[in-house]
Every structure is written in C-alpha cells, then in structure tokens.
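See structure below.
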Amino acid sequence: LDESAPLLAIKKLQRSIASANTLNQLFDIALDFGQTQLAAEEVELTQTAVSILDPDAADLQIPLNETGYSLCLYREQPFSDNEQALAEMGAALLATAPFFRTMARPSATQLKLLQKVSQTVAVEQQFKAITTVLGRGFAETVPNANGKLFLWKEETAELVIHSILGPTVKTGPLLPINVDAIMAQVIESGETAVLTTQSPPQLIVPATIKDKVVALLQVTYPHGVQIPPGDITFLELLVGYLGIALNNTRLLGQAWQRTNQLETIYRVTDSTLALQPLETTLTAIQERLMSAFNASTCYVALYDGDSQTLIFPWIIRHRERVTQEPISILDDNSLVAWVIANNQPFITTDSEAEATPVKGIPLGESLPRSIII
C-alpha cells in the first residue's frame with residue numbers, strides 16, 4: 001500500500017475544489033473522491049443538520065463545517081479509522097469551496113439589520129429594544145420565513161415564547177411550550193440545528209451566556225425550500241447579539257437590585273437608631289426588607305436570654321400578618337432556634353436533598369428558598 005496515496009488524494013481534491021462554483025460541480029468532485037479513495041458505493045452531499053445528525057442515515061456522515069451540508073458515504077464494509085480520518089479531511093476541504101463561501105455570506109439586507117441590532121445593543125443595552133428592532137426587520141431579511149424567539153428557564157426546564165417574528169409580529173405574554181427532543185439537544189449542545197429533512201424545514205439557533213443556553217430562535221421555512229447557508233451565518237450572528245442583550249439586561253437588573261438592597265440596609269440601620277417604639281421600628285424594618293428582597297415571608301425573632309425563649313412580635317406571610325407563640329431556644333425542631341443558638345446563618349441552596357441541622361426538618365425535606373441570619 002502506497003502510504004503517500006492519501007496525501008496525493010488530498011492535494012488532488014484541493015486543486016479540484018478551488019474551481020467548484022456550483023453544487024453539481026462540487027458533487028462530482030465528492031463522488032470521485034468517495035469512490036476512488038474510500039471505496040464508497042454511494043456518495044451524497046445532503047443539506048442536513050449541522051449539529052444533529054441521523055446516525056442511521058449513512059455509514060459515514062460528516063458535516064461540512066457550518067455550511068448546512070454533510071458528506072454522506074455508503075458501503076457494506078465498515079470504514080477504518082484511517083479511512084474516516086481521510087473522509088474528515090476531505091469534508092473539511094469541501095467546505096472551503098467557492099460555492100459555499102459565496103452562499104454562506106449574509107445578504108446586504110441582513111448585514112444592514114445586523115448593524116442596526118449591534119448599534120442598539122451598544123446604546124440601549126435592553127433586551128426589549130433589541131427584539132423591537134429585530135421584529136421590524138425580520139420579515140424583510142428572511143423572506144417567507146416565520147420565527148419564534150424562546151427564552152429558556154433553566155430552573156423550571158421550560159421554554160417560553162417571547163415573541164413571534166415574520167409577516168405578523170407578536171410579543172408577550174410569555175407562554176411555556178413542550179421541549180421536544182431536538183430542542184433539548186440544541187440546549188444541551190449549544191449548537192445550531194439545521195433541519196431540512198423535516199417538513200417544514202427549520203433552523204434552531206441557540207443564544208448563550210457563559211456557555212449556557214438562555215434562548216432559542218426557531219425559524220421555519222415553507223415546505224420544499226432549501227435553507228440558504230447565508231441565513232445560517234446571519235441568524236447565528238443575530239442570536240449572538242441577542243445573547244449579549246440578555247446578559248446586559250440581567251446585569252442591569254442585578255445592579256438595580258443590589259443598589260436597592262444596600263439602600264434598604266442603610267434605611268434599616270437608620271430606623272434602629274431613632275428613638276421610637278419597638279413595634280414601629282420592626283414594622284418599618286420588615287416593610288423595607290420585603291420590598292427589597294421580594295420575599296413571601298419575613299419576620300424578626302427577638303431572643304430573651306433570661307427565659308431562653310424566642311419571641312416573634314411581627315410575622316408577615318403572603319402579605320398577611322400572622323401570630324406565633326414564643327418558642328424555646330432549645331427547640332430541636334426550629335431552624336430559627338438553631339441559628340441563634342449556634343450563631344450561624346442558614347441559607348438554602350438549589351440542592352434537591354437539602355441538608356438541615358434540625359430534627360423537625362429532615363434531610364430531603366422540601367424547603368422554600370430561605371435566609372435566616
């Protein structure tokens with residue numbers, strides 16, 4: 001076996017690809033390469049998923065980078081590791097063809113919308129402003145297609161519809177939908193799915209923040225339409241801006257909440273310095289705490305060292321005042337007693353099996369998100 005044969009085959013393939021300006025020319029080149037170098041009985045260039053491939057569709061199926069096409073090779077005998085490596089090199093070269101470079105370029109209209117969106121991200125920094133610009137320009141930049149923008153709620157494992165794009169633009173309220181297998185895989189992989197074997201054809205493009213998917217843009221084309229590779233490039237760039245806008249909105253929200261909380265802490269401290277009845281002071285403190293932290297339950301426990309009891313003069317639960325009898329600091333069933341007796345805070349986490357230090361709330365008990373200090 002001539003060890004230089006694969007290298008010569010790759011060089012020949014590279015020379016042939018340099019002049020391939022149509023899909024038919026590229027198919028003839030791929031056919032010759034697959035049959036002569038890999039002994040394939042059938043060779044196809046199919047427009048298929050970039051990240052979600054059907055393992056039973058071919059004996060060897062290799063995506064041509066992010067062109068929206070795959071090199072599919074069929075034969076009875078399995079491909080060796082060396083043959084698979086050669087096929088992958090061939091697929092990488094096929095993806096560099098002038099045909100794909102031309103098709104993968106966004107149109108002038110799409111580039112104009114990208115410019116508007118990027119400028120809006122820089123100036124407005126609000127997600128709603130970005131989606132407004134997108135809604136106005138979507139129908140013109142992706143003709144005859146309809147889009148749906150979903151927000152991914154990781155804590156509840158839900159996709160909710162944020163807006164509907166296309167000839168008829170609709171926004172809010174957020175509506176949850178069922179997450180199908182394809183969407184679940186896109187969320188897990190963080191990679192675009194190009195689905196042309198599905199009817200109608202679809203693109204599903206994820207928006208990410210720190211490698212975590214936060215939104216999906218689903219674009220549906222009319223039956224029988226081939227998805228232009230330029231649309232893939234355009235929509236991936238567009239969704240990248242959506243991810244930036246979502247992150248900006250979250251950071252602004254966190255900054256506002258932190259500022260509000262610091263202001264509340266200052267005012268709570270200020271309230272305790274004033275000479276006024278205890279109940280008046282506690283009322284002011286709790287109202288500010290509930291406003292700042294948006295809590296459903298808030299209370300202050302007072303400890304009487306002489307009687308070793310905890311007194312709850314003011315408890316608000318779901319915006320209603322409730323009463324609570326005093327409890328002993330030695331109560332094994334009270335988290336509040338444990339916090340004060342041990343001088344340690346208790347903070348719930350996202351763990352499904354929450355470990356608690358008291359007998360009354362065993363390991364695995366469902367707890368509300370709480371901070372007891």
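Within segment 325-339, not a single residue is outside any helix (DSSP H, G or I) and modelled with pLDDT under 75. For Asp231, the requirement of being among the acidic types (Asp, Glu) and closer than 21 Å to Leu23 by Cβ is met.
Listed here are the residues, each with its yes/no results for (1) in a loop (DSSP other than H, G, I, E, B); (2) out of contact with any helix residue (DSSP H, G or I) (no Cβ under 7 Å at 6 or more places or on another chain); (3) modelled with pLDDT of 80 or more.
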position	(1), (2), (3)
Pro78	yes, yes, yes
Leu86	no, no, yes
Ala92	no, yes, yes
Leu111	no, yes, yes
Leu114	no, no, yes
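When residues in segment 57-76 are screened for being under 25 Å from Glu236 (Cβ atoms), in a loop (DSSP other than H, G, I, E, B) and in contact with a helix residue (DSSP H, G or I) (Cβ under 9 Å, 6 or more places away or on another chain), 5 of them pass. The set of residues from segment 41-56 being crowded, with 16+ Cβ neighbours inside 10 Å, more than 19 Å from Pro6 (Cα to Cα) and either modelled with pLDDT of 80 or more or of a type in the set (Gly, Ala, Ser) (or both) comprises Glu44, Leu45, Ala49, Ser51.
Being over 19 Å from Ile227 (Cβ atoms) and either at pLDDT 85 or above or surrounded by 13 or more Cβ atoms within 10 Å (Cβ to Cβ) (or both) is not true of Ala157.
Residue under question is Pro206, and the condition is that it be assigned to a loop (DSSP other than H, G, I, E, B) and without any contact (Cβ under 8 Å) to a residue 40 or more places away in the chain; does it hold? First the steps, then the outcome.
Numbers: assigned to a loop (DSSP other than H, G, I, E, B): no; without any contact (Cβ under 8 Å) to a residue 40 or more places away in the chain: yes.
Judged against the criteria, Pro206 is not a match.
For (1) touching a Ser or Thr at 6+ places or on another chain (Cβ under 9 Å); (2) part of a loop (DSSP other than H, G, I, E, B); (3) at pLDDT below 85, each residue gets a yes or a no:
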residue	(1), (2), (3)
Pro106	yes, yes, yes
Thr131	yes, no, yes
Leu149	yes, no, no
Pro176	yes, no, yes
Glu188	no, no, no
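What do you reckon, is Ala355 buried (at least 16 other Cβ atoms within 10 Å of the Cβ) and either acidic (Asp, Glu) or modelled with pLDDT under 80 (or both)? So Ala355 does not fit the description; no.
Which of the following residues is of a type in the set (Gly, Ala, Ser) and modelled with pLDDT of 80 or more: Ala301, Ala284, Ala292, Ala274?
Working: Ala284 fails: modelled with pLDDT of 80 or more; Ala292 fails: modelled with pLDDT of 80 or more; Ala274 fails: modelled with pLDDT of 80 or more.
On inspection, the qualifying residue turns out to be Ala301.
Look through Leu31, Leu26 and report the one residue that is at pLDDT below 90 and hydrophobic (A, V, I, L, M, F, W, C). After applying the criteria, what remains is Leu26. Just need a number here: residues in segment 6-39 that are in contact with a Leu (Cβ under 8 Å, 6 or more places away or on another chain), within 19 Å of Cys72 (Cβ to Cβ) and in a helix (DSSP H, G or I). So the answer is 12.
The values are calculated or read from the model by the stated rules, or taken from the named source; none is laboratory data. Since we're looking at a predicted model, the values are computed, not measured. FYI the Cβ positions are ideal-geometry reconstructions off the backbone, even for glycines, and counts take in every protein chain you see.
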